[in-house]
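The structure appears right after this line, and notes come after that.
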Amino acid sequence: MNLFLGIIELIVCFSGVLFMDKLFGKWGLFVWMAMAVVFANIQVSKQVDIGGISTALGNVMFASTYLATDILNEKYGDRSSRNAVKIAAAALVAYIIFAQFTLLFKPNGYDVVDPGMRSIFSMSIRITAASGIMFVLSNWCDVILYQKIKLKTGGKHMWFRNNISTIICNCTENFLFSIFAFVGTYPILYCLEIAIAGSLIEMLIALCDTPFLYIAKIFGRRSGILLEKESDDESKESTGVSL
C-alpha cells in the first residue's frame, strides 16, 4: 500500500511542479519551492516502510525542489534558481519560528489538536535545522553543478546534467540529514538504515523526474514563452529592480 501511495504521490507532486510552471511561470515555481520545503519538513517526522525498506517521509516533496530548480535553471536562468533557493530558505525559517509560537500558546478547554501539534513541532527545531542547512547547501550546489555541466556540454544532454546534479546533491543531502536529524532519537543502526534506504529511494526519484523536466521544456516551447536569462535582462533594465 505504501509503495502504491508513494508512486501516486510522485506523479501528483511532479505534475504539480509542471502545473505551477505552466500557469504562473517562474513565480509559480518560487511558490512551490516555499510550499514544498515546509510540507516536507512536516512529513519527514513520520517513519514508514516502503517496499520493505524503512525510511522517513518527505523524500518525494524534497525531490520536487530539485525538479523546480532544474526547470528554473533551464528555462529562466541560474539566477532564478538561486532566488528560488533563497525564498525556500526564508519560508523554512518562518516555519520554524511560527511552529514555536504555536507551542507557546496555551490551549483552552475546547482544544483537541494541541497534543498532536506538540508531537510534531517538539521535534521541529532539530529536524528543521538539520533539514534547512542540508536543503540550502544541497540545492545551492545542485544549481551550480547543473549550470557547470550545462556549460561544459554546450547545452546538450539535458538528461545527463539533470540526473548527475540531482542524484549527487539529493542523495548527499538525504544521507547527512538522516544522520544529523535522528541520531539520539533513534538507534544509530536504524539511522544508518533510513539514511541508506532514503538515498536509494532518492536515486530512483531523481531518475523519474527527468521526463517531467523535458515536458516542462516542451510546454515552454509550445506556449511561445521567451526564456528569460536574468543575468542578461538585469543589464538592460532601467529600474534595476528584479528578482
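Please verify whether the stretch 48-55 includes one or more residues that are more than 28 Å from Q147 (Cβ to Cβ) and either buried (at least 24 other Cβ atoms within 10 Å of the Cβ) or modelled with pLDDT of 90 or more (or both).
Yes, because at least one residue in the stretch 48-55 is more than 28 Å from Q147 (Cβ to Cβ) and either buried (at least 24 other Cβ atoms within 10 Å of the Cβ) or modelled with pLDDT of 90 or more (or both).
Just need a number here: residues in the stretch 188-219 that are free of Cβ contacts under 8 Å to residues at least 24 places away in the same chain and either hydrophobic (A, V, I, L, M, F, W, C) or outside any helix (DSSP H, G or I) (or both).
Residues that pass the stated criteria total 8.
Kindly indicate the residue of the stretch 65-76 that is in contact (Cβ under 8 Å) with a residue 60 or more places away in the chain and of a type outside the set (D, E) and also farthest from I11 (Cα to Cα) among those meeting that condition.
Y76
Taking only the stretch 83-121 into account, find how many residues are of a type in the set (S, T, N, Q) and not in a helix (DSSP H, G or I).
Residues meeting the conditions: 1.
Please list, ordered by first then second residue, the pairs with beta carbon atoms under 8 Å, 6 or more apart or interchain, first in the stretch 30-55 and over 19 Å from F121 (Cα atoms), second loosely packed, with under 15 Cβ neighbours inside 10 Å and of a type in the set (F, W, Y).
V31/F24
Taking interchain pairs and intrachain pairs at least six residues apart, which have beta carbon atoms under 6 angstrom, with the first residue in the stretch 77-99 and within 13 Å of V31 (Cα to Cα) and the second part of a helix (DSSP H, G or I) and of a type in the set (F, W, Y)?
Hits for this filter: A84/F30; V85/W140; I87/F30.
Only residues that are touching an Asp or Glu at 6+ places or on another chain (Cβ under 9 Å) and either surrounded by fewer than 20 Cβ atoms within 10 Å (Cβ to Cβ) or in a loop (DSSP other than H, G, I, E, B) (or both): list them for the stretch 142-162, please.
Result: I144, Q147, M158.
Looking only at the stretch 170-181, how many residues end up being free of Cβ contacts under 8 Å to residues at least 40 places away in the same chain and buried (at least 24 other Cβ atoms within 10 Å of the Cβ)?
Of the residues in that region, 0 qualify.
When K156 is evaluated against the numbered criteria (1) over 13 Å from the mean Cα position of the chain (by Cα); (2) modelled with pLDDT under 85, which criterion, by number, is the only one it fails?
(2)
Name the residues in the stretch 77-101 that are among the hydroxyl-bearing types (S, T, Y) and modelled with pLDDT of 90 or more, would you?
S80, S81
Does S165 qualify as being in a helix (DSSP H, G or I), modelled with pLDDT of 90 or more and not β-branched (V, I, T)?
yes
The values are calculated or read from the model by the stated rules, or taken from the named source; none is laboratory data. Keep in mind the model is a prediction, meaning the values are calculated, not measured. Reconstructed Cβ throughout: ideal geometry from the backbone, glycine too, with neighbour counts over all protein chains shown.
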